[in-house]
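The values are calculated or read from the model by the stated rules, or taken from the named source; none is laboratory data. Since the model is a prediction, treat every value here as computed from it, not as a measurement. Every residue, glycine as well, gets a Cβ built from its backbone with ideal geometry; the counts of neighbours run over all protein chains shown.
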Amino acid sequence: MKKTGLTSFFDALHLVLSNVRAVEPVGRSLLSAAGFVLREDIRADRHLPPFHRSAMDGYAVRLSELAAGKTLFRQVGTLEAGSAWKGKVGKGDCLKIMTGAPVPGMLDVVIQVEQSRLSGGMVELAGPGVCKFLNIHRMGADAKKGALLLKKGAVLSPRNIAVASSVGAVRLAVSRPIRVAVVSTGRELVPAAATPSPSGIRDSNSPFLMARLKTIPWINASFAGIVKDDPRKLETILAAALEKNDMVILSGGVSMGDADHTPAVLERLRVKNIFHKSAIRPGKPIWFGTSGKKAVFGLPGNPVSVGATFHEFALPALKKMAGISDPHVRVLYLPLGATAKKSHPLREFRVARLVDGGAAVSPVETYQGSGDFVSASQSDGLIVIPEDRCEMPAREIVEFHPWDMP
């Protein structure tokens, strides 16, 4: 295949990630930090568990007595979670213990209650096959005091919030919300609530971008409006958006037509052009630049181009700005459920859907090109057809980039 003279996908992505920086951290309370990006390491303030903990409701005894063949024991008390045993447990004795309670140091086995029965005022316990610390969650088995539990750059999932809570991290350093402005351009566009002219269409790009951005807790997105191919109006809106936001995302107006004013307007606003056009489809005309610490993406106007370029370029940039340790998109490797073809030397991102219960992925059969947002809405993500391939047969392993994974 002949060379295109365009910025390769990998070079373009490298340029994006090397030209954005993480925003400053702020402090948030534990629960309000859920979904945000951690900007500090969290370590264990004590052993986890902090004591030998019973993993079952049952009876705590000595292994040595069970190993010697003893089966009948005298119960000397009951120990519940949150309590400590202050008495003695002598030879021939057992202690009834609840899940989560600390196991006294002289005892080293818990026989679950299902393997016990009362017999003439004594407790009969099963002994064969018992080993030391059976049904005991040992002190420090999960983590030793000082161990790194959460690394900075992690998104604070509910599971991570639980870990932070367990070590008393009630206030966390996280990235402040990233402010993003969305702008749609195009003379033909009207808002969703308006009735378009016979030659007009309703704007779908900005609702898509706003909806996608609002699914991310650490982003504060705003809609700056629709600009109808008026360079002066575009300059006014972009100047205000750049002043107030960390990133501006435009759709439309970045190709080579007479009404594609975005690159020239951005130049007048002294936004540095990092690259314009990448060897990909859809989305070849993509524009990326910076203004100080602020990032600007000019995405092509076709809706599938917007979805693909946002996912492959703008989303990684946002993740890096948020301080996420690995900003790249999530990649799965799955077999193709049907043949995928292309007839150009570009890297293609083809809308695809999961099949066979998620065990394989297939191109959406009805897809008509980058303007076909209806078919794109039936997809689960993008498969990659590399630059040097024209056809990928069914059952070949392919890169799959799911839409909804971080």
For residue 69, state whether it is on the phi > 0 side of the Ramachandran plot, surrounded by fewer than 18 Cβ atoms within 10 Å (Cβ to Cβ) and not basic (Lys, Arg).
yes
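Which of the following residues is within 30 Å of residue 293 (Cα to Cα) and touching a Phe, Trp or Tyr at 6+ places or on another chain (Cβ under 8 Å): 125, 150, 156?
Details: 125 fails: within 30 Å of residue 293 (Cα to Cα); 150 fails: touching a Phe, Trp or Tyr at 6+ places or on another chain (Cβ under 8 Å).
None of the other options fit; the residue is 156.
Could you tell me whether any residue of the stretch 221-228 is touching a residue at least 60 places away in the same chain (Cβ under 8 Å) and within 25 Å of the chain's Cα centre (by Cα)? So that I can check it myself, show each step before the final result.
Just the residues of the stretch 221-228 that are touching a residue at least 60 places away in the same chain (Cβ under 8 Å), to begin with: none.
No: zero hits.
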I want to confirm something. Restricting to the stretch 176-221 and keeping residues that are small (Gly, Ala, Ser), surrounded by 22 or more Cβ atoms within 10 Å (Cβ to Cβ) and in contact with a Phe, Trp or Tyr (Cβ under 8 Å, 6 or more places away or on another chain), which single residue is nearest to residue 235 (Cα to Cα)?
181
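Residue by residue, here is whether (1) over 15 Å from residue 116 (Cβ atoms); (2) without any contact (Cβ under 8 Å) to a residue 24 or more places away in the chain holds:
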site: 18; (1), (2): yes, yes
site: 21; (1), (2): yes, no
site: 28; (1), (2): yes, no
site: 43; (1), (2): yes, no
site: 54; (1), (2): no, no
site: 70; (1), (2): no, no
site: 73; (1), (2): no, no
site: 88; (1), (2): yes, yes
site: 102; (1), (2): yes, no
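Please indicate, with yes or no, whether at least one residue in the stretch 202-220 is closer than 20 Å to residue 283 by Cβ and either in contact with a Lys or Arg (Cβ under 9 Å, 6 or more places away or on another chain) or not in a helix (DSSP H, G or I) (or both). Give the derivation first.
Initial filter on the stretch 202-220 (closer than 20 Å to residue 283 by Cβ): 203-213.
Checking which are either in contact with a Lys or Arg (Cβ under 9 Å, 6 or more places away or on another chain) or not in a helix (DSSP H, G or I) (or both) leaves us with 203-204.
Yes, the conditions are met somewhere in the stretch 202-220.
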Looking at residue 144 and the list (1) surrounded by 15 or more Cβ atoms within 10 Å (Cβ to Cβ); (2) within 39 Å of the chain's Cα centre (by Cα); (3) charged (D, E, K, R), which single condition is not satisfied?
(1)
Looking for something at pLDDT 95 or above, more than 20 Å from residue 178 (Cβ to Cβ) and not assigned by TED's automatic domain parsing to the domain that holds residue 347 - is there at least one such residue anywhere in the stretch 252-260?
no
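What helices (runs of 4 or more DSSP H), lying completely within the stretch 262-364, carry at least 3 residues that are more than 27 Å from the chain's Cα centre (by Cα)?
262-268
Here are 152, 145: which of them is out of contact with any strand residue (DSSP E or B) (no Cβ under 7 Å at 6 or more places or on another chain), more than 14 Å from residue 53 (Cα to Cα) and touching a residue at least 40 places away in the same chain (Cβ under 8 Å)?
Working: 152 fails: out of contact with any strand residue (DSSP E or B) (no Cβ under 7 Å at 6 or more places or on another chain).
Just one listed residue meets the conditions, 145.
Identify, please: which residue in the stretch 52-77 is assigned to a loop (DSSP other than H, G, I, E, B) and over 34 Å from the mean Cα position of the chain (by Cα) and is, among those, nearest to residue 154 (Cα to Cα)? Write out each step before concluding.
The first filter runs over the stretch 52-77 and keeps only residues assigned to a loop (DSSP other than H, G, I, E, B), leaving 52, 55-57, 62, 68-71.
If we keep only those that are over 34 Å from the mean Cα position of the chain (by Cα) as well, we get 52, 56-57, 62, 68-71.
Details: 52: 30, 56: 33, 57: 36, 62: 43, 68: 51, 69: 51, 70: 51, 71: 50 Å.
Residue satisfying both the conditions and the ranking: 52.
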Could you check the stretch 95-140 and list, in sequence order, the residues that are surrounded by fewer than 17 Cβ atoms within 10 Å (Cβ to Cβ), within 46 Å of the chain's Cα centre (by Cα) and among the charged types (D, E, K, R)?
114, 132, 138
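Does the stretch 374-388 hold any residues that are on the phi < 0 side of the Ramachandran plot and either without any contact (Cβ under 8 Å) to a residue 24 or more places away in the chain or surrounded by 17 or more Cβ atoms within 10 Å (Cβ to Cβ) (or both), and which are they?
Residues of the stretch 374-388 on the phi < 0 side of the Ramachandran plot: 374-380, 382-388.
Selection gives 374, 375, 376, 377, 379, 380, 382, 383, 384, 385, 387.
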Residue, nearest to residue 180 (Cα to Cα), within the stretch 222-250, restricted to residues that are surrounded by fewer than 19 Cβ atoms within 10 Å (Cβ to Cβ) and polar (S, T, N, Q)
222
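Could you go through the stretch 88-96 and let me know if any residue there is of a type in the set (A, V, I, L, M), touching a strand residue (DSSP E or B) at 6+ places or on another chain (Cβ under 8 Å) and assigned by TED's automatic domain parsing to the domain that holds residue 57. Even if it seems obvious, please write down each step before you answer.
Keep residues of the stretch 88-96 that are of a type in the set (A, V, I, L, M), which gives 89, 95.
Going one step further and asking which of them are touching a strand residue (DSSP E or B) at 6+ places or on another chain (Cβ under 8 Å), we end up with 89, 95.
In the following step, the residues that additionally are assigned by TED's automatic domain parsing to the domain that holds residue 57 were identified as 89, 95.
Looking for residues that are of a type in the set (A, V, I, L, M), touching a strand residue (DSSP E or B) at 6+ places or on another chain (Cβ under 8 Å) and assigned by TED's automatic domain parsing to the domain that holds residue 57, one finds at least one in the stretch 88-96, hence yes.
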